[in-house]
Structure formats: C-alpha cells, structure tokens
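Contents: one structure, followed by commentary.
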Amino acid sequence: MKVYKFGGASVKDAAAVKNVFEIIKSESGNLSVVISAMGKSTDLLETLIKAYYNSNNEKWTIFNNFKNYHIEIIGDLFGEKGMPQGVYELFSELEHKLNSRPSYDFNFEYDQIICFGELISTRIVSDYITATGYKNTWIDIRTCLKTDDTFRDAHVDWEWTGELIREEFNFSDTGLYITQGFIGSTTTNLTTTLGREGSDFTAAIIGSSLKVESVSIWKDVPGVLSADPKKMSDTVMINELSYKEAVEMTHSGAKVIHPKTMQPLHNQGIPLLVKSFVEPKNPGTVIHKIDHKIELPPIFILKENQVLITLSALDFSIISISDIERVVNFLMEKLIKVTLMQQSAIDLNIVADASDENLEDIFSELSGDYKIRYNTDLTLVTIRHYTEEVLDWMVKEKDIYLEQHSRLTARMLIKE
C-alpha cells in the first residue's frame, strides 16, 4: 500500500492528466492518490476570494476564467461527452456561494472558496480514469480529515482523523482512491485548510494513518536538488536525506516539500520519495532514517519577498522576554508567517513573508509602545553545510540586513 501526491504542475492540462494516469497505472498494489488544484488555479481563486469578500463584481470575470480553464481541460479529456456531472455540481455550488453575502471573517471565507480548486481537480482526474475503464473511488477528504476551526492554518485532530481515514480508505472494493490535498473540515463540517501548499502534508497524514509502505511526491524536478534550478545553475542531485535534514531544509523555506510533512512519516518510519513525473522511472530522492553520516554539498534555499520588521521600545528600554512573548502572540493571532527572529539590546528584528495587507495597519496596535520600521523586497538566503568560500561568493556585492550562523547553517537577509 502506497500514497502518491501530485501537485498542480503535474495536472496543469489534459496531457499532464494523462501522464499522471500512466504513472498511477504502473503501480500494481493498493494506492491512495492525493492531487492538488490544477496549474495555477489556486492563485486565481485567491483573487476571486478577495473580489468576493470586497463585494467587487470583478468576481464574475475571475470565476469565468477559473471555470473556462477547467472546461478546456475537460474538453480535451472527454471530448463530446461534455462536463461530468460531479464537476458541474461543484461549479454550481461555487457560483451559489459567490451569489451569497460574505461574512466578516476573511479567513473563513477563504477556506470555503479555495477548496474548489482541489475538489474540481480531483473530480476531473477521477472521472477521466473511470472513463478509461480503470476502477477508482473519489473521496472528499473533508469527510475524514478533521481539524479545529483555525481557518487557513488548521490543526489536525490526529486520533479522530486516523480512525476515519482507516474506515474510508479500506480498499474493500477498489485498489485506487483519488482525493484532495490541503483541505479538511471541522466537527461541524465547515471547510478548513492546512496552510498554503499543504497537499504534501495531507499525503503524510493519510500515509501515517494507513501505515503505508512509502509516500511519493511527484515533482517537475528529478528529486531534491542542492538549490532551486529556476534560481541557481549547477545544482546537484541529492540521492538520500535524513528526516532531520529534510525538516531543516523545509523549515528554511525549501519548497520541494511542505514543512509539516516529515513529522508523521518520521514517527511511523515511512520513507518519503521525491520523484519526477517527467521521468517517472528515475529513482529520485529518498528521505528516511539514516544512522550513518553522509556527505552533503552546500544546499541553497532562497526565500524571496521577505520583509524585515524592526521593533524598538519607545522608552529606550531593553527588549525583554515579555516583549518577545507579546510580539510572538501578536504574530500568531495575525497569522503572520515568521521565517527568522533576532534580538539585540533595544531591537527585535522579525523576518516574515510579505503580506498583501498593509503592515502599518497590522502593527498599529503595537505602535503605542514600539517604534516600527520596515525593509521590503528582501531575500532570505539559507545555506546548509556551508563553507567560507561559499559564503564569500554568496554575499558578494550584496547588502546584508541580517545574518545568523550555526554549526551547519548560515542565514542571510539580503537585497540584490
């Protein structure tokens, strides 16, 4: 029994969907397949959510763009048979939602709409597989992946979720399940999400609940590389990694795997394979328990679109533990994703993902006690297994705003 996870790029058009089906067919054992929203449709849905929440009629243009993108894929896959009934019902449900008035909770509304990317994607793939004569069962993962009501960053109820997954994914009448990543639901069946790019985490949740042989994440790269090939040249393929090394990389911003993926797999001793859907016969990278020491090259992780927020006490007092606690609780409440924090005597420096919202408005309630400054358009560079030569090369002719070094990791906030 295995779990496969396919991201948006692997199902971006009809040819890609057919390629995914060929990979699925090559697996002879029981298989659960987690699939993300098609292509960049999640980005499109995010613009739709903002238009809907702000009662902007532009929402209908965005909705039609979203719908037409999928209709084109459906036409290429099904021809004259037209839109499958399940997909039609999902479009109708989304349209009905857009005709209603939004609540005052943006995060709640976000989750109720963003889920349609995964739901429609998996319906299309499942119905296409069925049309080829290959038996499979489509599962709405919200029926068994249960969370709290922290919308946009929900926490999993592990015990309940495990029981429900084992009941639903029982392989009693099929050897293939198709389901969604990224989404879940509360005890009252309100849709939640696990955080952006959370489909990897879903695959790990299913895998650990079923105690599978392995979980495979299919990407457009041959495996885990020493850097993002879109940002750096001369990357090196890494054949194996320990769970710990993978956690360090994902925590630093490596996009090849979602940060929460490793814990449930580590706890069950389930290997994670990172493989290429372009060259599926290649072995890829295996992430598993490693007792021996392995030599790794310098690994570069670039996290762009970062903002440096510096808070200084207005009365010139020293930054204390109580200051840090207050600010951390504030950041958690505002769902601001912090990537680095550094304290000096009178400054607290926070590096975070740049928000679409106005940071001055977000931090206004702290302005009575702190002077707040910002630097935007920064890149956080993390180098695992660094050397002095690599550091010198990396920072050459760049402005460094912040720097941290440990035994194996160097982190620098730079501006090109």
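The values are calculated or read from the model by the stated rules, or taken from the named source; none is laboratory data. Note that this is a predicted model, so its numbers are computed, not measured. Reconstructed Cβ throughout: ideal geometry from the backbone, glycine too, with neighbour counts over all protein chains shown. Side chains included, ligands, DNA and RNA excluded: accessible areas come from the protein's heavy atoms. Shrake-Rupley method; radii C 1.70, N 1.55, O 1.52, S 1.80 Å.
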Whichever residue in segment 144-185 is more than 26 Å from LEU77 (Cβ to Cβ) and of a type in the set (Ser, Thr, Tyr) and, among such residues, is surrounded by the most Cβ atoms within 10 Å (Cβ to Cβ): THR147
Spans of helices (runs of 4 or more DSSP H) in segment 197-304 with at least 2 residues under 20 Å from the mean Cα position of the chain (by Cα) and farther than 21 Å from ALA154 by Cα: 243-251
Within segment 212-231, tally of residues that are in contact (Cβ under 8 Å) with a residue 60 or more places away in the chain and either open to solvent by 30 Å² or more (accessible area, probe 1.4 Å) or among the hydroxyl-bearing types (Ser, Thr, Tyr) (or both): 9
Residue count, segment 70-92 (criterion: among the aromatic types (Phe, Trp, Tyr) and surrounded by fewer than 15 Cβ atoms within 10 Å (Cβ to Cβ)): 1
Subset of segment 159-178 (residues that are outside any helix (DSSP H, G or I), out of contact with any Phe, Trp or Tyr (no Cβ under 7 Å at 6 or more places or on another chain) and not acidic (Asp, Glu)): ASN170, PHE171, SER172, THR174, GLY175, LEU176
Answer residue from segment 23-60, given it is exposed (fewer than 15 other Cβ atoms within 10 Å of the Cβ) and touching a residue at least 60 places away in the same chain (Cβ under 8 Å) and is nearest to TYR128 (Cα to Cα) among those: LYS25
Pair list, Cβ under 7 Å, 6 or more apart: segment 388-416 residue modelled with pLDDT under 90, other residue open to solvent by 100 Å² or more (accessible area, probe 1.4 Å): LYS398/GLU416; LYS415/ASP377
Failed item, numbered, when LEU241 is tested on (1) more than 18 Å from THR382 (Cβ to Cβ); (2) free of Cβ contacts under 8 Å to residues at least 60 places away in the same chain; (3) in contact with a Leu (Cβ under 9 Å, 6 or more places away or on another chain): (1)
Set PHE330, PHE363: member being under 20 Å from PHE106 (Cβ atoms) and surrounded by fewer than 16 Cβ atoms within 10 Å (Cβ to Cβ): PHE330
Members of segment 98-109 found to be under 19 Å from THR61 (Cα atoms) and either in contact with a Leu (Cβ under 9 Å, 6 or more places away or on another chain) or surrounded by fewer than 17 Cβ atoms within 10 Å (Cβ to Cβ) (or both), listed by number: LEU98, ASN99, SER100, ARG101
Filtered residue count, segment 360-387, keeping only those that are not in a strand (DSSP E or B) and not hydroxyl-bearing (Ser, Thr, Tyr): 9
Segment 388-408, subset assigned to a strand (DSSP E or B), of a type outside the set (Phe, Trp, Tyr) and open to solvent by 20 Å² or more (accessible area, probe 1.4 Å), residue farthest from VAL327 (Cα to Cα): ASP399
Test result for VAL307, within 26 Å of ALA246 (Cα to Cα) and touching a Gly at 6+ places or on another chain (Cβ under 9 Å): no
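Filter segment 351-360 for residues that are at pLDDT below 90 and of a type outside the set (Asp, Glu); which is surrounded by the most Cβ atoms within 10 Å (Cβ to Cβ)?
Out of the qualifying residues, it is ALA352.
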